[in-house]
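Let me begin by presenting the structure, written as structure tokens, before commenting on it.
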Amino acid sequence: MIGFIEATISGILMGGLYGFIAVSLSLIFGVAKIVNFAHGALFMVAMFLVYWILVLLKVDPYLSSLIAAGFLFFFGYFFQRFFIEPILRREKETAPLTVILLTSGLMMIIENVALLLFGADYRTVKTGYTGKVWEIAGLFIAQPRMIGFVLSLILILLLGLYLRKTNLGRAIRATSQDREAARLMGIDDYRVYKITFGVGGIMLGFAAAFLVPFYFVHPAVGELFVLKSFVIVVLGGLGSITGAFLAGIIVGIIESLGAQFINSALVESLIFIIFIGCLVVKPTGLLGKQRE
Amino acid sequence: MRGEFPSKILFLRRRKMKTIGIILLTFFCVFYYGLGLTYAQQEVKVGVLIPLSGGLAVIGENLQMAHDFAVKEINEAGGIKSLNGAKIKLIYADTRGDSKIGMSEAERLILREGVVAIVGAFQSSVSYTSTEVAEKYQVPYLVPNSLMDAITERGFKYTFRVERKGSLWAKDQIDFIADMGKATGKSAKTIGVVYENTDMGQAIAKGIRKWAPEKGLTIGLDEGYPPKTSDMTPVVLKMKRANLDIVILNSYTSDAILLIRTIADQRVNPVAFLGSSSGYSDPSFIKEVGKLAEYFFDLTEWTTDLKHSPFVQQKNVAYKKWNKDNRDFNGGAAFCYASTYILYEALEKAASYDPKKIRDAFAAIKITKGPAMMIPWTPIEFDAEGQAKGARMLVVQYRDGQRKSVWPAEISSTKPVWPVPKWEERK
Amino acid sequence: MSWNRTLFALAVLAAVLFPLVVRDPYFLHAAITVLLFAFLASSWNIIGGLAGQHSFGHSVFLGIGAYVSTILFIYWNVPPFLGMIIGGIIAAIASIGIGYPCFKLRGPYFALSTLAFTEIFRIIATTTEQVGPVDLKGAAGILISFRPGNSFVNFQFAEKAYYYYIILAMLILILFIHNWIEKSRWGLYLAAIRDNEDAARSIGINARRFKILALMISAFFGAMAGTFYAQFFLYIEPILFSSALSIEILLIAIVGGAGTLMGPFLGSLILTPISELTRTYLGGTYAGVQLIIYGGILVAVMMFAPQGIIPPLAKRYRMLFERRA
């Protein structure tokens, strides 16, 4: 019995982090309708940034997360500005294929440039809480995971507030609901896309900082999270931040509990089957709004 | 010319002699040129298939260094003496870890580069397929590291493999566990095998399923997890619940790092952990995991403190000094280094650039001295299927960050710590 | 119109004479690979180009064809040519199961769902080892034993030229089928669906039926390519089902021009040699550079010529032609 509780808790913690990583994808996908396959590569860039700041400047990841977030804001902003915007401006209905292939190509470039620059070694770090565990009633909870989960939760609440209360946030939500109407209201939708991408970058910057203490850093590390993030985004509902977070937790629990009963390799395919099922039955996801 | 000859017949005869003369002259020129070419052909081209990009680039780079070191030594010592001091030239081809690419690269090495032999390809699936290409073109192919049984079970004449067969790796692991039980009185009853769901992982698992019952061991967990998993906690929790005496692991480097950290976090405490080389023998594993790897056992083909031959120490020190990262040999690299020497011996024995003769040399070879003796068995020779006879594995234990040989006792330097201390008692 | 036919006939003639002139097996191997990918991209073109449904799941059909014909061959000695047809039929049936849920979706959702299917198949192929008497070998893949000599029954030839002619015939076949579909009434319906599915539905076109039919044809030929692949490379593994291969195939069709007849062929003619060459010359020393180049091509094409190479070329070609006449 205790094994199942352990598995559930572990699933929730990791799932929350998955969800947080997926939140930025959800924003971008929901607002700009961009299928961003380079999501994982951007995440990797953030992780390396946090890694090098830690190794060279001895700054703790939780502190340097602010720097990573800032850097990724600009990275995301310019990513959208230089690569994706020209295509959006050119075609009215951007074929998703074009953007998928474009971002796939960018992913390959970013990952392999990182490979050339940093080499193929798997790097890990040792911080004050790496490998430290809290023992609660016979359950072992890794400190960095718990801290990461809690911080993610806080940040998501903050993001929700931002989107609801600030003007820019409202502009973002408006654009995601109806691009044309938003334009008619005087919102510059192209600027909104850039900002959204930037905000997504901020989230990734924080997420990277939360993961570095207990994970490893490698040019291809992003690939582990890309498909999962897409599954989570769809499950949670386009454009819904809370939806993505909740869906992440659900995926985490399925992964963790599922592995206890069936072969973990098959659990992976289970997630994809659920993904397709969700798409067919309720494509707007758990908490998504009705659109198109 | 001198003037006209009175007779037409003489004229014609002159013409004929001129033509014959020219033909003979050309023939001699070509002949001497050819002879000159043979002398000028001061190098023996050998193809090397390894993964130099993609996920296994780290490993491929490691093996490449070992090959280069051996060739440097051989060429500096005078090259292949039976071929007038011809130097070995290694031509590397990146398989990208892909069997299809491995096959076409093997073909390219043979047809375009004209290699007389091939060495490779680390991954079993790539070696398995590219050796078939070499067999088709009748070029000898030496496999230093791949463990898939089937590589030397096809009746091929041109494949020679040094590594022990994968199913027997599992047998050696079971034998080790049984021996430890006898030696220390703390024997194991239940084992679990947790492995990456790739060809290597599945090969080990199959072997464990076969050999465990023979020594009275029951398998409590048989878990193949998908490679490139983002979170190992579910698998580790399953491991914990199964309450196993021994956990046998097989992973590539990234998973190995994540696994050990999660195992430590979750305080999984069996009698011992036993790795199956691969990620667990990768130098970056110990670098990244540090103290967590202490007391971890690993099945391996080689380690730096073996006692069966002075070459082990000698050559490792020389290698360390030579390579830019100051690295020791690890199992894979050591075997590549030694295999390059096996190749060298075969070339010396064949005294020819003809792949068929080189193949015959491999088949008849019997090495008992020289740097190839780094390999922990003797003599080095191949059976009718091309499998190295007498191949055997060893077990090391990580102690103070070093891989110390602990089994078999006759060639090992250290006594093992068995059972291993619990996580709570460490540090 | 007859100018096009003459050009085509000349091209076919050149292709037929190619192996008689070029005898280097390495070049033939490269040519066969180019034709194989041209064939694969052409089979994708039916659903992706003509019907406008950009499926990311084409590798599933390749994999099904490869595994079905190989297993039938190894265990029950079914000649691979027959196995090819059986594999094609099974793939077509499977495509109904895949198309049914996926075609309910549009745009990026459709793409992602087809992608998800490739992953499902790949995982199942990697994890499953024994199914009854059949050993699928899981991740290790299945190696087809090398039989010397040339044999149509075994679909294995020592002389590469045989493979060349077979794949050439297959390519010409699918080009004819593409052309026939495009010019038929059915092709009109598909074009309507491609340009605006809702409008097409509103005038009474049964979009779902036609989309699934197109997918079945794509699947059938994709599976045929799978059998050829298996018999040419003599090795199949679960990676065949991966999304990476799907992307490679559709990239070739896109770069050449999705929906056009010769687009996939031109795309393969350009991209396949590039990937071979970069691997040969850059693979060893600067590993990863070839992927940067590949990615760079992707980005460049998507940013500057997402319609592919053919449409701008066709425009220029027509301009040239008009000026002369």
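Observations
- Dipole magnitude (debye, nearest 20) for chain B, charges at Cβ of Lys, Arg, Asp, Glu: 1480 debye
- Where Rh is the Kirkwood radius over Cα pairs, Rg/Rh for chain B: 1.15
- Each 10 Å bin, from zero up to the one with the longest distance, holds this percent of the alpha carbon pairs of region C:41-115: 19, 45, 25, 10, 1.
- Net charge dipole size for region B:107-171 [Lys, Arg +1 and Asp, Glu -1 on Cβ; Debye, nearest 20]: 120 debye
- Extreme residue, positive dipole direction of the protein assembly as shown, given options A:112, B:200, B:188 (C-beta unit charges): A:112
- Filtered chymotrypsin sites (Phe, Trp or Tyr not before Pro), region C:123-230: DSSP coil and at most 14 other beta carbons within 10 Å: C:146, C:152
- With 20 Å bins from 0: P(r) over the protein assembly as shown, alpha-carbon pairs, percent: 12, 41, 34, 10, 2, 0, 0
- Placing +1 on the Cβ of every Lys and Arg and -1 on the Cβ of every Asp and Glu, with nothing else charged, gives chain C a dipole about its Cα centre of roughly 920 debye.
- Estimated FRET transfer efficiency (residue B:243, residue C:176; beta-carbon r; R0 51 Å; 0.05): 0.20
- Rough spin-label spacing in nm, given labels placed 7 Å along Cα→Cβ, for residue C:202 and residue B:81: 9.0 nm
- Helix content alone sets the calculated 222 nm mean residue ellipticity of the protein assembly as shown: runs of n ≥ 4 DSSP H residues at -39500 (n - 2.57) each, divided across all residues, give -20500 deg cm²/dmol.
- For C:5, B:112, the sequence from fewest to most other C-beta atoms within 10 Å is C:5, B:112.
- Cross-link table B:136/B:206; B:100/C:160; B:81/B:307; B:240/B:404, entries beyond 23 Å C-alpha to C-alpha: B:136/B:206; B:81/B:307; B:240/B:404
- Both the radius of gyration and Dmax for chain A are 18.8, 60 Å, in that order, over alpha-carbon atoms.
- Spin-label model distance (nm) - residue C:27 vs residue A:191, 7 Å beyond Cα toward Cβ: 6.1 nm
- Radius of gyration over Kirkwood radius for region B:272-372, both on Cα atoms: the Rg/Rh ratio is 1.07.
- Fraction of the pair-distance distribution of region A:141-292 above 22 Å, Cα-Cα pairs, percent: 50 percent
- FRET efficiency for the pair residue C:10 and residue C:96, taken as 1/(1 + (r/R0)^6) with r the Cβ-Cβ distance and R0 = 45 Å, rounds to 0.65.
- Among the GluC sites (Glu not before Pro) in region C:133-218, those placed in a DSSP loop whose Cβ has at most 15 other Cβ atoms within 10 Å are C:159.
- Long-range Cα-Cα pairs in region C:22-242 (distance over 29 Å), rounded percent: 29 percent
- Peptide A:109-120 shows a mean partner chain C-beta count of 5 within 10 Å per residue C-beta.
- Prolate/oblate/rounded call for region B:138-242, Cα gyration tensor, a/c under 1.5 rounded: oblate
- Translational D in µm²/s for region A:1-81 (Stokes-Einstein at 10 °C, 1.306 mPa s, Kirkwood Rh from C-alpha pairs): 109 µm²/s
- Listed residues B:102, B:79, B:242: farthest to the positive end of the dipole of chain B (Cβ charges): B:79
- Between residue C:153 and residue B:400, the FRET efficiency estimated from the beta carbon spacing at R0 = 56 angstrom works out to 0.35.
- Cβ-based charge dipole, the protein assembly as shown, positive-most Cα from C:145, A:231, B:256: C:145
- Prolate/oblate/rounded call for region B:148-192, Cα gyration tensor, a/c under 1.5 rounded: prolate
- Loop-resident sites, region B:319-399, for trypsin sites (Lys or Arg not before Pro), counting at most 10 other Cβ within 10 Å (DSSP): B:324
Every number here is computed from the coordinates shown, using simple stated rules; none is lab data. Everything numeric in this text was worked out from a predicted model, so none of it was measured. Every residue, glycine as well, gets a Cβ built from its backbone with ideal geometry; the counts of neighbours run over all protein chains shown.
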